[in-house]
1. Cβ-Cβ below 7 Å, separation at least six or inter-chain, first residue in segment 1-23 and touching a residue at least 12 places away in the same chain (Cβ under 8 Å) and closer than 23 Å to PHE43 by Cβ, second of a type in the set (Lys, Arg) and in a loop (DSSP other than H, G, I, E, B): which pairs?
2. Under 6 Å by Cβ, and 6 or more places apart or on different chains, what pairs join a residue from segment 25-49 that is more than 18 Å from THR15 (Cβ to Cβ) and outside any strand (DSSP E or B) with one that is at pLDDT 90 or above and not polar (S, T, N, Q)?
3. When segment 17-36 is examined, which residues are found to be at pLDDT 95 or above and either among the polar types (S, T, N, Q) or closer than 22 Å to ARG55 by Cβ (or both)?
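The values are calculated or read from the model by the stated rules, or taken from the named source; none is laboratory data. For clarity, every value in this text was computed on a predicted model and none was experimentally measured. Cβ sites come from the backbone with ideal geometry, for glycine too, and all protein chains shown count toward neighbours.
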Amino acid sequence: MVLKQQKIDITDRVTGKIINGELELFLENAPIGKIKLPQAIPFELEHHFETDHQRIYQHVTVTEQPDAKYTDCDDGGWC
């Protein structure tokens with residue numbers, strides 16, 4: 001048996017996380033490299049998302065004082 005080195009395309013399996021001003025690259029949760037991001041990098045995000053100091057935020061609607069019932073009742077009064 002002969003072993004041979006081969007190059008395979010893993011691009012669609014690589015993920016990234018922005019950590020400390022760098023885009024850290026991972027393959028199946030194993031770090032494989034990083035890309036240093038410039039300070040003023042322009043982000044193009046979908047509606048309800050924004051960036052601030054290289055952090056990404058999502059605008060959501062939340063309940064400030066949720067009702068403390070164990071279950072919610074329907075309009076007929078059944079719980």
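1. none
2. Once the first residue is more than 18 Å from THR15 (Cβ to Cβ) and outside any strand (DSSP E or B) and sits in segment 25-49, its partners that are at pLDDT 90 or above and not polar (S, T, N, Q) give HIS48/HIS59.
3. GLU24, LEU25, PHE26, PRO31, GLY33, LYS34, listed by residue number.
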